[in-house]
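Below is one structure; the comments refer to it alone.
Nothing in this text is a laboratory measurement; each read-out follows from the coordinates by a stated rule. Computed from a predicted structure; not experimentally measured. Here the Cβ is made from the backbone with ideal geometry for all residues, glycine too, and neighbour counts use every protein chain on show.
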Amino acid sequence: MARQPLDLPLMTELVEWIAAHALPLWAALLVLACLTGDLAWQWNRRQRDFALQQGREPVVMRTRTAVALLLAALLLFAAIALAIGVEAGNGLPGFDSTLAEDLHQRMQPSVLRVVAAVSHLGDLGSVATITVVVLAILLMRRQLQLATCWAIAMAAIVPLNSGLKALFRRPRPLHNHGFIVEHGWSFPSGHAFGAMVFYGMLAYVLLRLLPHRWHRLVIAAAVAMVTVIGLSRIVLQVHYFSDVMAGYASGLIWLVICIAGAENWRQRHRAP
């Protein structure tokens, strides 16, 4: 017997509820993400205090943490990549398309205008401009090691994401509201990937340079920006839900590699 498409009553009701409460859910997920970031800060603070008590140099990310994050992100990306390969209308692709269609029908132009303004914070032009400014500041402060890590992390965003898009070649959802016009392939989301790497690395740079009392605010702000930019792409219907989740996962992989590499370089430099 052929599989039934994703129009079962329970799933349909769930998708309609999500579409009808998209903005409150966006806000709730932002709060949840910030709380998760705060828990990460508290855990990192305990690790920092323990390292100082042991007379060791505290690190932003330990090797075990990096390995765990890499494995989790790789498994998530692989699971999503496999799931979107099933027949259209079933499983995750059916959920994606149904949610995009419901959002298309329910989102008002005034709401889309505000969401589009938020989404522009993750545009290539905005990210590139701030990237150059941060790099110039690091060079002026003679933070050559940090500047090198920053430049490598930022330079790889477009090639890595474009390569993944070319590999999967997934068409975008149909959107004609006019507030955001996007071309090219959809999977994984470039804004989600870029926001994860850009704001994550920016947080890492600030954690390295600012006094410890600012670290909690830095982590909360980075998590908030990554969350709102990625989810805005779903609300605007320029990406499917799975595109954004895969963008987060693949961006996290590159971010962890960059931070772990930078921390390893820093520790080796301090070793003598």
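Result for the chain in a Gaussian network model with C-alpha springs under 10 Å: among V114, V197, V59, the largest mean-square fluctuation is at V114. Here is how the number arises for the chain: DSSP H runs of 4 or more residues each give -39500 (n - 2.57), the sum is divided by the residue count, and the result at 222 nm is -25500 deg cm²/dmol.
Go through [x] 52, 38, 36; [y] 121, 52, 22; [z] 67, 38, 34 and flag the label whose value is the computed Cα extents along the principal axes in Å for this structure. Looking at Cα extents along the principal axes in Å for this model, the match is [z].
Between Q53, Q143, Q108, the GNM of the chain built on Cα springs shorter than 10 angstrom shows Q53 fluctuating the most. Inter-label distance, A78 to R46: 3.0 nm, where each label sits 7 Å from its Cα along the C-beta direction. Look at where the Cα atoms of segment 222-272 and of segment 48-108 average out, and the two centres are 9 Å apart.
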